[in-house]
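The values are calculated or read from the model by the stated rules, or taken from the named source; none is laboratory data. Since the model is a prediction, treat every value here as computed from it, not as a measurement. Here the Cβ positions follow ideal geometry from the backbone for every residue, glycine too, while neighbour counts run over all protein chains shown. With ligands, DNA and RNA removed, areas are computed over all heavy atoms of the protein, side chains included. Shrake-Rupley method; radii C 1.70, N 1.55, O 1.52, S 1.80 Å.
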Amino acid sequence: MYQMKHLLSIRQLKREDIEFLLSQAEAFKEVLSRPIKKVPALRGKTIVNLFFEPSTRTKLSFELAAKRLSADTVSISKSMSSLEKGEDLIDTVKNIEAMKADCFVIRHRASGAAHLIAGVTKCPVINAGDGTNEHPTQALLDCLTLKEHFGNIRGLRVAIIGDILHSRVARSDILALMLMGAECIISGPATMMPKDIEALGARVCLDVKEAVKDADCIICLRIQRERQGGARLFPSLREYAMFFGLSPEIFSLTKDDAVIMHPGPVNKGVELSPELMNIKQTLIFQQVTSGVAVRMAVLAMLLAGQ
Ligand code: CP
């Protein structure tokens, strides 16, 4: 675990690695509840956020996680960097590394972008979401949220519903949850179901009512319209909401103590009924809090031992 240089994919992790990161994150949650939310673990380290796609939760929680660990942070976006003048991503990273950066956190629309960067820098690289491929820290924060709520992930039945085809969250969640002993059932429009998804170990069930039956947790996914390239994969948002949106009626088919999660941002009234947004079974804000703690654990794991 301590020899791990980058966090690019859940596939790198063993179950014990996830358990270790979750236990570290739980300890960091205690730090986040203190009046002075800071520990000196990464004092003197500089973490560079390269966010080339929009983000609220991931970008801010990585920044906050770094600050809570006493690291310095700097951020660039595509529109404010020399990428706009034609510089390529590799040269951009090499130039920032020459300024003595210690770690790159990257979000990029291209699947594989984080792996590409990891191949050209000596710094640890953290994948903050690459195209439709993976979002490993989202999966870790989802595991932490479930572990805190249920006490254990093993044996939970988790239904993941929505735009599976374009969802890096779905891929990382399936890999992490299966590794931790959960059962994963995935549902959504057939046009948004990747052909090879069952190879990850999840069971496909296109009928949403069947998919959510006796589930402990429903993870609703956003329709990633920015990745559909103008294709019409469903007739209208109204029809999508009717057949694949989580409504109180569909939620009533789950176990009595089931919870709702969503990585955000939520299209209210599309994948999730507005009346389910603020009920106590909905853990969306707990997920966001878990995000800061998990990212502290990942940054500390990759950087504190250096
Ligand atoms: N869950 C998530 O990745 O949200 P952001 O796009 O706001 O970072």
- 222 nm [θ] for the chain, helices only, -39500 (n - 2.57) per DSSP H run of 4+, per residue, to 500? -11000 deg cm²/dmol
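Give me the net charge for the shell around residue 181: Cβ to Cβ below 12 angstrom, other residues only, Lys and Arg +1, Asp and Glu -1.
Cβ neighbours under 12 Å give a net charge of +2.
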- Summed over the other residues with a beta carbon less than 10 angstrom from that of residue 42, with K and R at +1 and D and E at -1, the charge totals +2
- Query: Using a 1.4 Å probe, how large is the accessible area of residue 92, given in Å² and rounded to the nearest 10?
  - Reply: 10 Å²
- Report the local net charge at residue 199: Lys and Arg +1, Asp and Glu -1, summed over other residues whose C-beta lies under 13 Å from its C-beta. +2
- Item | Most to least accessible of 277, 296, 99 (protein chains only, probe 1.4 Å) | 99, 277, 296
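Order 195, 5, most accessible first, counting only protein heavy atoms with a 1.4 angstrom probe. Show your work: numbers first, answer last.
Working: 195 210, 5 85 Å².
Largest accessible area first, the list is 195, 5.
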- For residue 226, what accessible area in Å² do you get when you roll a 1.4 Å probe over the heavy atoms of the protein chains, rounding to the nearest 10? 110 Å²
- Message: For a protection proxy built on the mean count of beta-carbon atoms within 10 angstrom, sort 168-179, 51-62 highest first, please.
- Response: 168-179, 51-62
- Which of 242, 261, 180 moves most in a GNM of the chain, Cα contacts under 10 Å? 242
- Put +1 on the Cβ of every Lys and Arg and -1 on every Asp and Glu Cβ in the chain; which of 172, 118, 264 then has its Cα farthest towards the positive end of the dipole? 118
- Among 129-135, 106-112, the order from most to least packed when residues are scored by Cβ within 10 Å on average: 129-135, 106-112
- Item | Largest-first ordering by accessible area, 1.4 Å probe, given options 33, 70 | 33, 70
- Message: On C-alpha positions alone, give me the angle between the axis of helix 136-150 and the longest principal axis of the chain, in degrees, nearest 10.
- Response: 60 degrees
